[in-house]
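The values are calculated or read from the model by the stated rules, or taken from the named source; none is laboratory data. These numbers were taken from a predicted model, which means no experiment stands behind them. All Cβ positions, glycine included, derive from the backbone under ideal geometry; neighbour counts span all protein chains shown. These area figures cover heavy atoms from the full protein model, side chains too; ligands, DNA and RNA do not enter into them. Shrake-Rupley method; radii C 1.70, N 1.55, O 1.52, S 1.80 Å.
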Amino acid sequence: ADSASYVYNGTQRDVTTATVNVSGVTVTGYTVSGSGTNVGSYPTSVTLGTVKIMSGAADVTNQYDVSTVNGTLAITPADMTVTSTGYTGTYDNQPHGISVTPNVAGSDVKYSLTNSTDPANYSSTYPTVTDATTGTTVYFMVTNPNYNPVFDSEAITINKRIVRLTTEGAEQVYNGIALTNPNWAEDGDSEGFVTGQGFETSATTGTITNVGTANNGFTYTLTSATKTGNYTFDVTEGVLE
């Protein structure tokens, strides 16, 4: 029975032919069968009926004993396409992950935070990131019984929120009394804090008594729900003179 190899395409493949290993004769009276649809290896076999062997016009059937040998039908995995996207945004205290969409229904997607081609290192757990990160790489593996596995990765980037504020300055003629200004305000283009987060305490720090100038600095503490690593603080300091 003949052997054959096909790339999986979802249709049934069949082998119905055989090769005679004696040159110059033709053989009739047999059938060949072997079929498969999914990836795998399938035997092809010959079933003998009333065999007739001809050498040209001469019937030479009685000169031969006929034996059969199985062949193999192989269906090999096809390639599939996977569309994936990462995530880039500004910290919003929400979990964010990557998107992976195979073009073959029924495919299995698994994830890892380390690069590997070993399926054992991938989990079905979908990884997400909430806090600011300059780039967390998520590796993924897409498998399907009839397709070659796909290994790839995407990155999650969450930028820090920028809190911009300005402290007020002030001016007075020297009178021996320290000059301060407690006023400060968040700027209009500030990204601000997400809901439920912010300053626990905040105050200006500038002071000057003698003739001259001093910047009106800013000090703060954050609430327990607020992580410093998720914010960048941009303070424009007023001048006390």
**Q.** Distant-in-sequence amide H partners of THR44 (H built 1.01 Å from N, under 5 Å)
**A.** GLY71, THR72, LEU73
**Q.** Spin-label model distance (nm) - THR16 vs ASP118, 7 Å beyond Cα toward Cβ
**A.** 4.8 nm
**Q.** region 106-241 - charge dipole about Cα centre, Lys and Arg +1 at Cβ, Asp and Glu -1, debye rounded to 20
**A.** 360 debye
(Q) If I take the Cα coordinates of the chain and project them onto the principal axes, what are the three extents in Å, biggest first? (A) 134, 28, 25
Q. From the residues LEU179, THR88, ALA105, which one has its Cα farthest along the dipole of the chain in the positive direction, the dipole being from +1 and -1 charges on Cβ of Lys/Arg and Asp/Glu about the Cα centre?
A. ALA105
Q | For peptides 56-66, 103-113, sequence by mean Cβ density within 10 Å, most packed first | A | 103-113, 56-66
Q) Amide H to amide H under 5 Å from TYR6: which residues, 5+ apart in sequence or cross-chain, H placed 1.01 Å off N in plane? A) ALA74, ILE75, THR76
(Q) If packing is taken as the average count of other Cβ atoms within 10 Å, what order do 162-170, 201-209, 3-11 fall into, highest mean first? (A) 162-170, 201-209, 3-11
Q: Kindly report the accessible area of the chain per residue (heavy atoms of protein chains, probe 1.4 Å, no ligands, DNA or RNA), in Å².
A: 57 Å²
Q) For TYR139, TYR122, what's the largest-to-smallest order of accessible area, 1.4 Å probe? A) TYR139, TYR122
Q. For region 192-205, what does the Karplus curve 6.51 cos²θ - 1.76 cosθ + 1.60, with θ = phi - 60°, yield as ³J(HN,Hα) per residue in whole Hz, taken in order and with x for Gly and Pro?
A. x, 8, 6, 4, x, 10, x, 7, 7, 9, 7, 6, 7, 10
